[in-house]
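Engineer: To start, I am sharing the structure in question, which I have written as structure tokens.
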Amino acid sequence: MMRLPSYRYRAPKTVQDAAAWLAESPGDTMLLAGGTDLIPNMKRRQQVPSTVVGLRGITELSRTDDRDGLEIGAGVTLTSLVHDERVHARYLGLWQAVGQIATPLLRNMGTIGGNICLDTRCTYYDQSFEWRQAINFCMKKDGDTCWVATSSDKCLAVSSTDAAPALIALGATVRLVSATGTREVALTDLYANDGMHYLTRRSDEILTTVTLPKADGWRTTYWKLRRRGSFDFPVAAVAAAARFDGDRIVEARIVLGAVASRPLEVPAAAARLAGQPLTDDLIASVADDAYTLAKPMDNTDFELVWRKKTVRSLVTSALRELRGDDMRAARTKLARHPLLVIS
Amino acid sequence: MKLRLNLSVNGEPAEALVDPDKTLLEVLREDLQLTGTKHGCELGECGACAVLLDDQPVLSCLVVSHECEGRSVVTVEGLTVDGRLHPLQECFADLGASQCGYCTPGILIAAKALLDRDPNPSRDLIREALSGNLCRCTGYQQILDAVQASIVRLGEGGEQKK
Ligand SMILES: Cc1cc2nc3c(=O)[nH]c(=O)nc-3n(C[C@H](O)[C@H](O)[C@H](O)COP(=O)(O)OP(=O)(O)OC[C@H]3O[C@@H](n4cnc5c(N)ncnc54)[C@H](O)[C@@H]3O)c2cc1C
Ligand code: SF4
Ligand code: FES
Ligand code: FES
């Protein structure tokens, strides 16, 4: 039996109250949204907050708002996003990413805010307390050494959020609220390439909203590698977005998932797409660039060298799909089952 | 200090004085003696503990007791009405969709949630709806068959009286 450790629970009704609770003792207080990341981590003693602030009673966090683009409250569940026709019609890459997160039962619980703030993952870390104790723990929690690279002075745990690469490719911003103020940052700036300090969010801040700019002419797509067609976190992924003028790309973004401690933008590779028609040769060469820039570590499922190579195939598939190729068969083969529109 | 919880379980009001650090799964099994809901991985990785919480299928091993106050829970025990099995349960029994049975309560809950939402889902939709439930015995085909068969039985008026 894996019991939760003891903790104090708070249930604020407003963001202000939540921020006030958080400000009392930010170092050992954690926010609980759907709990699908935090609760397993608490059971395994990877995260042991003395106070947990439950966000589910804050109704303003579960709203979506159609203004210039789309404002999504941090507490909106992944299932609501999959069922949101606006997401499917305008932000297909986000819909594809969210529809492939975990399982339907977990998507009923998990929120977009929790997905953005998802803890980084590692084979030496996502284990029970006893397992980790047996290896004398590791740098990320209770130990000193990084078992993935023993000479590393930095934790190399993997960013494993599916939604974040897609959101960054779409140019999302996030709002962070604390007892002392509010700030808006580009989602890409919320992340740092450090497995322990992977968020630039201050510990007294609550992520309240994700804002997507208007979809105007942008096409997006998301490709994910995982062992099974369900349950598993990404072990390599790519989100790509492009704005076209006829068959030429005006502007493009490529963001790799699960190959670093943060969603990894590859702007130099994406920039090469601008002004060009998307030929097979250009796709191959940009996919090669992305492959070179991806630096996955040996701390997830699958053999490392092969996993790195899949980045090339994933980028190729993504760019071909943006070009308009019919990629349904390839997608179904990779995902194991078709992504369905469920109403 | 214990936590006093008031909730609706399988349509009946229930009250329990529980250890506040418990999950809904632990409250159901240990405080309310409803052991139909199974204890699998305890980490969200198997689906054995699925229940309906306010009509939505969720994993009870990841729901903290504090967040259950005033909510409605349906467990596998709640599928039976007046001693009569739900058509899903009959079809699971008839078609060998349950072998060791450990996964069955969670799968019945996920399937019921699907049929409540969509009375005539395609096989792909059934597969998708059950893709968060592991079964180590059947190989899944019998499970998909049984859910499909129950659609027919429900359509023939096999619906339980409420
Ligand atoms: C078996 C399994 C498979 C999974 N597979 C995937 C997968 O394939 N892809 C994937 O991306 N994820 C996966 N997940 C992880 C998780 O289910 C999702 O990432 C989910 O979206 C997390 O959201 P949550 O609301 O449950 O987060 P929680 O667990 O509630 O929170 C996660 C983290 O975010 C913080 N947080 C939550 N809300 C806020 C907020 N508003 N402001 C600031 N911080 C906040 C919490 O303190 C915590 O650190 C999986 C989980 C499990 C158990
Ligand atoms: S990358 Fe190293 S320090 Fe980080 S979780 Fe893995 S073993 Fe621990
Ligand atoms: S016991 Fe809850 S998902 Fe396995
Ligand atoms: S019948 Fe044994 S696990 Fe499904």
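The values are calculated or read from the model by the stated rules, or taken from the named source; none is laboratory data. Keep in mind it's a predicted model, so treat the numbers as computed, not measured. Please note: Cβ atoms are built from the backbone with ideal geometry, for glycine as well, and neighbour counts cover all protein chains shown. Accessible surface is based on the protein model in full, side chains and every heavy atom, while ligands, DNA and RNA are left aside. Shrake-Rupley method; radii C 1.70, N 1.55, O 1.52, S 1.80 Å.
Engineer: Build a GNM of chain B with springs between Cα atoms under 10 Å: which of B:C137, B:C49, B:C103 gets the top mean-square fluctuation?
Structural biologist: For chain B, modelled as a Gaussian network with Cα springs under 10 Å, the answer is B:C137.
Engineer: Here is a further query. Taking only Cα atoms, what is the 0 to 90° angle, nearest 10, from helix B:141-153's long axis to the longest principal axis of chain B?
Structural biologist: Helix B:141-153 sits roughly 80 degrees off the main axis of chain B.
Engineer: Still on this structure: Give the Debye-formula value of log10 I(q)/I(0) at each listed q (0.14, 0.16 Å⁻¹), with one equal scatterer per alpha carbon of the stretch B:87-157, two decimals each.
Structural biologist: These q points yield log10 I(q)/I(0) values of -0.34, -0.45.
Engineer: Next question, about the same structure. For the protein assembly as shown, with all protein chains present and a 1.4 Å probe, just round the carbon and sulfur fraction of the accessible area to a whole percent.
Structural biologist: Working: 10590 of 21020 Å².
In the protein assembly as shown, the share of accessible area belonging to carbon and sulfur is 50 percent.
Engineer: Can I ask one more? Under DSSP H, which helices of chain A have Cα atoms covering 18 Å or more of the helix axis and a Kyte-Doolittle average no less than 0.0?
Structural biologist: Membrane-span-like by this rule: A:280-293.
Engineer: When the convex hull of the C-alpha atoms of the stretch A:246-336 is computed, what volume per residue in Å³ does it have? Could the numbers behind the result be given before it?
Structural biologist: Numbers: hull volume 8.6 nm³, N = 91.
Value for the stretch A:246-336: 95 Å³ per residue.
Engineer: Also: Relative to the isolated chain, which residues of the stretch B:49-67 have their accessible area cut by 40 Å² or more in the presence of all protein chains (1.4 Å probe, heavy atoms, no ligands or nucleic acids)?
Structural biologist: SASA drop of 40 Å² or more in the stretch B:49-67: B:Q56, B:P57, B:L59, B:L62, B:V64, B:H66, B:E67.
Engineer: Now, a different point. For A:R202 and A:D298, calculate 0.36 nm times their separation in residues minus their Cα-Cα distance, and state this gained length in nm to one decimal. Provide the component values of the computation, followed by the final result.
Structural biologist: Working: separation 96, 0.36 × 96 = 34.56 nm, distance 2.94 nm.
Extra length from A:R202 to A:D298 when fully extended: 31.6 nm.
Engineer: A further question follows. Could you please put A:D162, A:D216, A:D194 in sequence from largest to smallest accessible area, using a 1.4 Å probe?
Structural biologist: Numbers: A:D162 5, A:D216 105, A:D194 35 Å².
Heavy-atom accessible area, descending, gives A:D216, A:D194, A:D162.
Engineer: Something else now. If each Cα of chain B is one equal point scatterer, what is log10 of I(q)/I(0) from the Debye formula at q = 0.12, 0.14, 0.15 Å⁻¹?
Structural biologist: Normalising to I(0) and taking log10 leaves -0.50, -0.68, -0.77.
Engineer: Now, a different point. Based solely on C-alpha atoms, express the radius of gyration and the Dmax of the stretch B:3-78 in angstrom.
Structural biologist: Cα only, the stretch B:3-78: 10.8, 30 Å (Rg, Dmax).
Engineer: Then there's this: Placing +1 at every Lys and Arg Cβ and -1 at every Asp and Glu Cβ, with all other atoms neutral, what dipole size does the stretch A:148-198 have around its Cα centre, in debye to the nearest 20? Walk me through the numbers before you get to the answer.
Structural biologist: Details: 3 positive and 5 negative charges, 23 e Å.
Dipole about the Cα centre, nearest 20: 100 debye.
Engineer: If one takes the longest principal axis of the Cα atoms in chain B, at what angle in degrees, from 0 to 90 and to the nearest 10, does the Cα axis of helix B:104-117 lie?
Structural biologist: It is inclined by approximately 70 degrees.
Engineer: Pick out which of A:L278, A:L31, A:L256 has the largest mean-square fluctuation in a Gaussian network model of chain A, springs linking Cα atoms closer than 10 Å.
Structural biologist: A:L278
Engineer: Using a Gaussian network model on chain A with a 10 Å cutoff between Cα atoms, which of A:D126, A:D204, A:D66 fluctuates the most?
Structural biologist: A:D66
Engineer: While we're here: Using only the heavy atoms of the protein chains and a 1.4 Å probe, how would A:E24, B:E30, B:E128 rank by accessible area, largest first? Write out the running numbers ahead of the final one.
Structural biologist: Numbers: A:E24 125, B:E30 65, B:E128 20 Å².
Descending accessible area places them as A:E24, B:E30, B:E128.
Engineer: Report the accessible surface area buried between chains B and A, summing both sides, using a 1.4 Å probe on protein heavy atoms only, in Å² rounded to the nearest 100. Mind dumping the intermediate values first?
Structural biologist: Numbers: alone 8470 and 15560 Å², together 21020 Å².
So the total buried area for this chain pair works out to about 3000 Å².
Engineer: Take B:H39, A:H197 and sort them by solvent-accessible surface of the protein heavy atoms, 1.4 Å probe, largest at the top. Working shown, then result.
Structural biologist: Numbers: B:H39 30, A:H197 120 Å².
Sorted by accessible area, descending: A:H197, B:H39.
Engineer: Report the normalised scattering of chain A as log10 I(q)/I(0) at q = 0.10, 0.14, 0.15, 0.16 Å⁻¹, calculated by the Debye formula with identical scatterers on the alpha carbons.
Structural biologist: Normalising to I(0) and taking log10 leaves -0.58, -1.15, -1.31, -1.47.
Engineer: Would you mind working out the accessible area per residue for the stretch B:3-78, using a 1.4 Å probe, and quoting it in Å²? Intermediate results must be reported in sequence, preceding the final value.
Structural biologist: Working: 2590 Å² over 76 residues.
Value returned for the stretch B:3-78: 34 Å² of accessible area per residue.
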